[in-house]
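Asker: I am attaching a structure below and will ask some questions about it afterwards.
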Amino acid sequence: MKTSDPFSMDISRHIWETRYRAADEAGVAASWRRVAQAIAQAEGDAREQWAERFYALLDGFRFLPGGRILAGAGTRHRVTLFNCFVMGEIADDLEHIFEALKEGALTMQHGGGVGYDFSTLRPAGTVAAATGSIASGPVSFMHIWDAMCATMLSTGARRGAMMATLRCDHPDIEAFVDAKRDPAVLRHFNLSVQVSDAFMAAVANDRDWPLVFPAHADESAIERTVKARDLWQRILRAAYDTAEPGVLFVDAINRDNTLGDRETLTATNPCGEIPLPPYGACDLGSLNLAAFVTSPFAVDARLDLHALAAAAALAVRFLDNVIDVSRYPLPAQAEQARKTRRVGLGITGLADALVLLGLRYDSAAARTLAAHAMQTVRDAAYRASIELAREKGGFPALDRTAFLASGFATRLPADIRHAITVHGIRNSHLLAIAPAGTISLLANNISSGIEPIFAVEAERRVLATDGSYRTHRVVDHACQQWQQQGRSGTPPALVDAQQIDPRAHLHMQAALQPFVDNAISKTINVAADIAFDRFEDIYRQAHALGLKGCTVFRPNPITGAILSQASASDRVQCCGIEREAD
């Protein structure tokens, strides 16, 4: 329901004023106008026409671009419009390590988060042949990155976000896994282990597991051997106790990669929804499913798939234009973005849309509806990208035969595959489901990404411009609509995160993953008293279901709780609910 004031809660207005409002903008409509006009600059003589279309897409929070776009487009600030980057490969010598550190600092200065694969650094205790010095290992260098990030914050830069990954067969994997057991260290990093299918098979069959350096080395390079199950238990015990590390199922990621013939993906952006090659960038936006529900709570309530498809097509053009109008912290990032033209269009507000439609999040009907919505977005996005290729040309790195042979492309409808063969495609990747935490709060506290509703009411902390936190009492968006209709209590279909079995989280993610060419950021919230065996089984099921990653959050003494119905923890994670990469 549109009103003269688009904000129904103080927290939404506060977020707009402190994060996304440009100088002299009287209301959020002015922000939408600024962004639409800036993104339409890529349209040449037709830019006024496209600016109006983009404005209509943004109006009413139907489409929520990534936060860097909302904050930076059309301003005079020298910032990037990309939320996050995966940085270049870190060569194993001191000069290149500190060059990589400098590149990370420059990227953060422009507002981008960074992801790294530290597997290229030799393990601790190794003697360097050239100098005779003893290596300190990847975890020690991660501390330098963490200090850099903290220093960037002290300069007033945007709150830093970093992801570190390490191969499950790196000799320092145990140190990496346990690194954040100390609550005082690596607080600006998210950690994820690159878990291979071979490792999961070794766990299942209780085999030994060789730790090697460099990667894919022969037997002479084996540092030592561990029991695969012991290492797996160590990974999951750390996750159980500290909420980290997460796991990336790298073989599933690379099997699906539409550019798998030319790149091997080993790192992601800080929230995990975009696996990227060196210098790859996240160009993100989310369609608000709750805004496409007609006749909410009525017997004829439905999701307007026709309108959703039309919005998805327009959003693809919007995000494709971002590549051309954005600044880039580094030339290598500009080159990679323009060569592949990756974008990440996703959905948010799923749980609220389900409530408006009368469907419980943990029901089979909800998963069917969600999958149908994501399939609609996929098909509309791919068709739009093909039309853009006809109009503006395909992405420069396109090899049509290799693209169509990728795991993801084999699942596309026959007419889309044929059209790619004939006309090419504008973007190498099109779909990703991001956390969308802050932009979902901006849109009057819709449920974020594909997460369930946390609670009917909760307290949320958000950063103020002076670095302090303000606490707001918030009400779920679907409940707001229920109350606006004069109804008491809560909608019948509302089920909050604490009531949902972890398997329902997994099955929702699995229902959508076949329609997402990048990945899905999803946190499975579990109770503090969950048995470890059940906790471990979530990860095994995630791998069996073909997911690209798994993050399970159990409240614990080190990280506290993500949110609280009464209060919020003072410990702020790098990409926690207050600092998701948007």
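The values are calculated or read from the model by the stated rules, or taken from the named source; none is laboratory data. Not measured: the values here are computed from a predicted model. Please note: Cβ atoms are built from the backbone with ideal geometry, for glycine as well, and neighbour counts cover all protein chains shown.
Asker: Among the residues that make up segment 365-373, is at least one of them part of a loop (DSSP other than H, G, I, E, B), more than 28 Å from GLY72 (Cα to Cα) and without any contact (Cβ under 8 Å) to a residue 40 or more places away in the chain?
Answerer: No, segment 365-373 contains no residue that is part of a loop (DSSP other than H, G, I, E, B), more than 28 Å from GLY72 (Cα to Cα) and without any contact (Cβ under 8 Å) to a residue 40 or more places away in the chain.
Asker: Could you list, in sequence order, all residues of segment 194-217 that are on the phi > 0 side of the Ramachandran plot and either in a strand (DSSP E or B) or free of Cβ contacts under 8 Å to residues at least 12 places away in the same chain (or both)?
Answerer: Selection gives HIS216 alone.
Asker: Additional query: Exactly one of (1) in a loop (DSSP other than H, G, I, E, B); (2) under 30 Å from GLU17 (Cα atoms) is unmet by LEU441. Its number?
Answerer: Here LEU441 clears every test but (1).
Asker: Where residues in segment 490-520 are of a type in the set (Gly, Ala, Ser) and either modelled with pLDDT of 95 or more or surrounded by fewer than 18 Cβ atoms within 10 Å (Cβ to Cβ) (or both), which of them is nearest to LEU248 (Cα to Cα)?
Answerer: Step by step, filter segment 490-520, then rank; the result is ALA519.
Asker: Let me ask something else about it. Check segment 218-241 and report whether any residue there is part of a strand (DSSP E or B), touching a His at 6+ places or on another chain (Cβ under 9 Å) and modelled with pLDDT of 95 or more.
Answerer: No.
Asker: Here is a follow-up. Just one of the numbered conditions (1) of a type in the set (Asp, Glu); (2) surrounded by 21 or more Cβ atoms within 10 Å (Cβ to Cβ); (3) closer than 25 Å to ARG411 by Cβ is not true of GLU244; which one?
Answerer: Against the list (1) of a type in the set (Asp, Glu); (2) surrounded by 21 or more Cβ atoms within 10 Å (Cβ to Cβ); (3) closer than 25 Å to ARG411 by Cβ, GLU244 comes up short only on (3).
Asker: What are the pairs with Cβ atoms under 7 angstrom where one residue, in segment 405-431, is outside any helix (DSSP H, G or I) and of a type in the set (Gly, Ala, Ser) and the other, located anywhere, is modelled with pLDDT of 95 or more and surrounded by fewer than 20 Cβ atoms within 10 Å (Cβ to Cβ)? Sequence gap at least six, or different chains.
Answerer: SER406/GLY260; GLY407/ARG255; GLY424/ARG400; SER428/ALA397
Asker: Can you tell me which of (1) farther than 18 Å from GLY285 by Cα; (2) of a type outside the set (Asp, Glu); (3) buried (at least 22 other Cβ atoms within 10 Å of the Cβ) is the one ASN83 doesn't meet?
Answerer: (1)
Asker: Among THR490, THR551, which is the only one that is under 22 Å from ALA436 (Cα atoms) and of a type in the set (Ser, Thr, Tyr)?
Answerer: THR551
Asker: Of the residues VAL299, VAL325, VAL316, which is surrounded by 23 or more Cβ atoms within 10 Å (Cβ to Cβ) and farther than 21 Å from GLY104 by Cα?
Answerer: Criteria check complete, one pass: VAL316.
Asker: Are any residues in segment 446-501 in a loop (DSSP other than H, G, I, E, B), closer than 26 Å to LEU153 by Cα, in contact (Cβ under 8 Å) with a residue 12 or more places away in the chain and of a type in the set (S, T, N, Q), and if so, which ones?
Answerer: SER448, THR465
Asker: Moving on to the next point. Between a first residue in segment 295-319 that is at positive phi and free of Cβ contacts under 8 Å to residues at least 12 places away in the same chain and a second residue that is small (Gly, Ala, Ser) and part of a loop (DSSP other than H, G, I, E, B), which pairs have beta carbons less than 7 Å apart while being 6 or more apart in sequence or on different chains?
Answerer: So the pair list comes out as SER295/ALA301.
Asker: Inspect segment 374-385 for any residue being in a loop (DSSP other than H, G, I, E, B), in contact (Cβ under 8 Å) with a residue 24 or more places away in the chain, within 24 Å of VAL293 (Cβ to Cβ) and basic (Lys, Arg) and give the result as yes or no.
Answerer: Checked against the condition, which is being in a loop (DSSP other than H, G, I, E, B), in contact (Cβ under 8 Å) with a residue 24 or more places away in the chain, within 24 Å of VAL293 (Cβ to Cβ) and basic (Lys, Arg), segment 374-385 yields no hits at all.
Asker: Checking the conditions here, which among ASP466, ASP379 is acidic (Asp, Glu) and over 30 Å from ARG367 (Cβ atoms)?
Answerer: ASP466
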